[in-house]
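The block underneath contains the structure these notes are about, expressed in structure tokens.
What follows draws every value from the coordinates through simple rules; no lab data is involved. This one's a predicted model, so the numbers in the text were calculated from it and none came from an experiment. Cβ: placed from backbone, ideal geometry, glycine included. Neighbour counts: every protein chain shown.
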Amino acid sequence: MKVYIAGALSSKENANRNPSQVVTDYLNNVHKMCKVAGLLRKHRFSPFVPALDFALGMICGDWNEDMYRGMSNEFLEVCDYMLVISDSWGVQREIALAKELGIPIFYDLTELVRTEER
């Protein structure tokens with residue numbers, strides 16, 4: 001089963017913070033999403049971490065925000081579940097799309113795993 005992992009990438013307080021801390025927080029949040037993806041994989045799920053598109057964008061070097069978000073949304077459209085690990089305005093947009101598409105949304109990894117075990 002394909003699982004879209006939704007999570008905040010930056011803090012709401014970013015406007016008043018030092019740029020290096022903003023970058024560190026972003027990378028730490030990507031790390032958390034990857035750790036959750038690893039746990040999902042151990043339970044035989046196929047996780048999608050939308051935050052990893054930053055690596056492809058860096059390699060290409062010419063992506064804009066719409067290109068990043070568009071790719072993530074296309075993956076969300078084919079996922080069986082969404083797992084929300086933290087909240088942000090971007091996550092709220094992803095949740096709205098998942099609801100529109102009828103994709104079940106989970107806020108707890110254990111609940112998601114239990115659902116599939118039934």
Seminar exercise, completed: If each K or R counts +1 and each D or E counts -1, the residues other than Phe45 whose Cβ falls under 11 Å of its Cβ total +2
Exercise. So what's the chain giving for Cα Rg divided by 2.2 N^0.38 Å, two decimals?
Worked result: 1.07
Exercise. So what J values fall out for region 32-46 if you push phi through Karplus, 6.51 cos²θ - 1.76 cosθ + 1.60 with θ = phi - 60°, rounded to Hz, Gly and Pro as x?
Worked result: 4, 5, 5, 4, 5, 4, x, 5, 4, 4, 4, 9, 6, 8, 10
Exercise. By per-residue mean of other Cβ atoms within 10 Å, what is the highest-first order of 94-101, 56-63?
Worked result: 94-101, 56-63
Problem set entry | Cα→Cβ-extended label distance, 7 Å offset, between Val23 and Ile59, nm | 2.1 nm
For this session: For n ≥ 4 DSSP H runs only, could you compute -39500 (n - 2.57) per run for the chain, divide by its residues and tell me the 222 nm figure to the nearest 500?
Result: -18000 deg cm²/dmol
For this session: Would you mind checking which residues have amide H under 5 Å from Phe106's amide H? H placed 1.01 Å from N; only 5 or more apart, or other chain.
Result: Met82, Leu83, Val84
Problem set entry | Folded to 0 to 90 degrees: helix 89-101 orientation relative to the chain principal axis, Cα | 30 degrees
